[in-house]
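Each value in this text was obtained by applying a stated rule to the coordinates, not by laboratory testing. In this text the structure is predicted, and so the values were computed from the model without any measurement. Cβ atoms come from the backbone with ideal geometry, glycine included; neighbour counts cover every protein chain shown.
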Amino acid sequence: RAMLLWSVWSVVLLLTLVDAAEEDDDVRAGCSTAVNDLVYIVDGSWSVGFSDFDTAKQWLINITSQFDISSHYTQVAVIQYSDTPRLEISLGKHQGGADLIQAIRSITYLGGNTQTGRAIKFAVDHVFPSSQRVSRVKNRIAVVVTDGKSQDDVVDASMEARAQGITVFAVGVGSEITTSELLSIANKPSSTYVLYAEDYTTIDRIRDSMEQKLCEESVCPTRIPVASRDEKGFELMVGMNIQMKAKKIPGSLVSEKAYALSAYVDITEKTRDIFPEGLPPSYVFVATLRLQGFSSKLTFDLWRVLSKDKETQAAVTLCGKDKTVTFTTTSITETAQRIIFQTGFQVCTLYDGKWHQLKLLVRPSQVTSFLDDQLIQEINLEATEPIFINGETQVAKRIGDDTTVPVDLQKLRLYCDPHQSERETACEIYSVVRSSLSPA
Ligand SMILES: *[C@@H]1O[C@H](CO)[C@@H](O)[C@H](O)[C@H]1NC(C)=O
């Protein structure tokens with residue numbers, strides 16, 4: 001009996017070890033390491049023309065470059081269509097970006113009519129199901145690039161795609177496109193899933209936005225309901241169990257509720273549970289908070305992501321003594337880069353014992369800070385790296401240890417869409433509401 005127990009125990013132990021080893025393998029996570037099956041469905045009808053078709057191929061190559069192409073991460077398939085769809089590259093055929101780019105480059109132009117519905121159906125029925133990792137893949141995404149009106153119906157095929165959990169982006173190029181058709185092809189909301197380019201020569205202009213959207217789709221699965229719309233992002237008040245662990249208190253307005261973190265509350269979660277796919281390249285960090293008493297004089301991380309070795313991967317640090325706000329992120333050359341916001345009067349207000357909204361708009365090459373809707377400063381960033389997700393994510397912690405700093409929190413969120421920065425106004429802050437009501 002003892003022997004049997006022992007062997008069961010060692011098997012369990014062994015499995016745990018294997019698990020742990022696997023977990024440590026790919027600990028950095030971000031857009032590039034997202035597990036996507038991505039299918040491009042490209043219009044190759046006569047109206048496109050040889051040279052624009054080449055441009056379309058180059059554009060696909062460009063938007064693919066942000067992903068790590070491999071059987072672990074993103075796999076790409078390409079369908080060219082006119083009257084009938086032609087499978088140019090099957091899912092997972094190319095392991096490695098260089099091979100894939102070469103293969104996309106050598107696709108030859110088809111010519112013919114435009115049967116977009118048929119091509120989408122082909123992707124749904126044959127290409128996505130051919131994936132060798134149907135159970136492991138996290139996101140199934142189709143990008144339909146078209147320059148004209150389809151000669152067949154697109155509605156049924158697109159509905160089928162959604163029924164199968166495939167996210168469809170529609171990219172319309174040129175003036176011949178039919179908006180209603182793009183709307184039926186793409187997921188909702190159309191502001192997210194439909195993109196337009198004037199013509200192929202200007203398609204490069206929507207590259208950043210396509211990349212950001214593909215990335216959001218890959219790393220931001222959670223949705224936060226905001227004013228009847230669903231915004232992609234991370235609701236940390238819920239995810240970090242703040243609402244469960246901290247004491248409920250009245251918020252900045254009668255209509256708002258907030259939570260008081262005392263020194264005895266520990267807000268710590270595994271990063272893997274909060275940001276399983278890492279952070280997107282752009283995001284908006286929003287915190288509505290109140291610092292009272294001693295806390296307004298301390299230096300602490302309002303929010304931080306630490307690696308297993310306690311190295312900061314991302315953090316927003318408040319320093320009441322210096323009256324500054326510091327943003328920390330990764331760097332490809334140093335262990336971290338620290339951006340200090342300290343524009344006098346404005347940042348000072350944060351430490352005056354009242355409710356305030358702090359907002360940081362993080363983009364790949366700069367970070368911009370706002371306090372109660374007022375711009376504080378915009379500062380450039382060096383290139384960053386994906387974050388380590390094998391450590392912990394914490395809220396309101398002293399620098400260098402695990403002590404909680406008492407703080408009142410009403411909102412703590414990360415939005416993935418950088419445009420949410422313009423929409424997320426500080427209307428829950430009394431002084432902001434008041435000044436918008438008073439005749440300025
Ligand atoms: C692709 O990227 C290159 C390098 O950034 C750029 O010069 C080119 O215009 C892009 N082409 C398209 C079609 O997006």
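What is the distance, in nm, between label points placed 7 Å from the Cα along the Cα-to-Cβ direction at D322 and at S175?
According to this spin-label approximation, the distance is 5.6 nm.
By DSSP, what percent of the beta bridges with both residues in the range 29-219 are antiparallel, rounded to the nearest 5?
The answer is about 15 percent antiparallel.
Kindly rank 150-160, 208-218 from highest to lowest mean number of other beta carbons found within 10 Å of each residue.
208-218, 150-160
Would you mind computing the Rg to Rh ratio of the range 229-437 from its alpha-carbon coordinates, Kirkwood style for Rh?
Ratio of gyration radius to Kirkwood radius for the range 229-437: 0.93.
Report the residues of the range 311-333 in range of a label on T349: point 7 Å along Cα→C-beta, backbone N strictly under 17 Å from it.
Output list for this probe position: 323-325.
At 7 Å along the Cα-to-beta-carbon direction for both D309 and D273, put a label point, then send me their distance in nm to one decimal.
2.6 nm
Which cysteines in the chain lack any other cysteine whose Cβ sits under 4.7 Å from their own Cβ?
C319, C348, C427
Compute the helix-to-body angle for 50-64: its Cα long axis versus the longest principal axis of the chain, expressed 0 to 90° and rounded to tens.
The answer is roughly 30 degrees.
Rounded to the nearest 0.05, what FRET efficiency do K188 and D208 have when you use their Cβ-Cβ distance and R0 = 22 Å?
0.50
Quickly work out the R229-to-I399 label distance, labels modelled 7 Å from Cα along the C-beta direction, and quote it in nm with one decimal.
Spacing of the two 7 Å Cα→Cβ label points: 3.8 nm.
Between S255 and R338, what's the calculated FRET efficiency when r is the beta-carbon distance and R0 is 35 Å? Round to 0.05.
0.45
Which value at 222 nm does the chain reach when only helices count, each DSSP H run of 4 or more adding -39,500 (n - 2.57), with the total divided by all residues and rounded to the nearest 500 deg cm²/dmol?
-7500 deg cm²/dmol
By how many nm would the segment from V35 to F50 lengthen if fully extended, with 0.36 nm per residue of separation less the alpha-carbon distance?
2.1 nm
Would you work out if the range 29-219 is rounded, prolate or oblate? Take a ≥ b ≥ c from the square roots of the eigenvalues of the alpha-carbon gyration tensor; rounded if a/c is under 1.5, else prolate when a/b is larger than b/c, oblate otherwise.
rounded
By average Cβ neighbour count within 10 Å, what is the ranking of 65-75, 274-284 from highest down?
274-284, 65-75
At a 10 angstrom cut-off on C-beta neighbours, averaged per residue, how do the peptides 33-44, 109-120, 332-343 rank from highest to lowest?
33-44, 109-120, 332-343
What fraction of the DSSP beta bridges in the chain is antiparallel, stated in percent and rounded to the nearest 5?
Antiparallel bridges: around 75 percent, rounded to the nearest 5.
Residue by residue through the range 180-190, which ³J(HN,Hα) values in whole Hz follow from phi under the Karplus form 6.51 cos²θ - 1.76 cosθ + 1.60 (θ = phi - 60°), with glycine and proline marked x?
Couplings: 4, 5, 4, 5, 6, 5, 8, 5, 9, x, 5 Hz.
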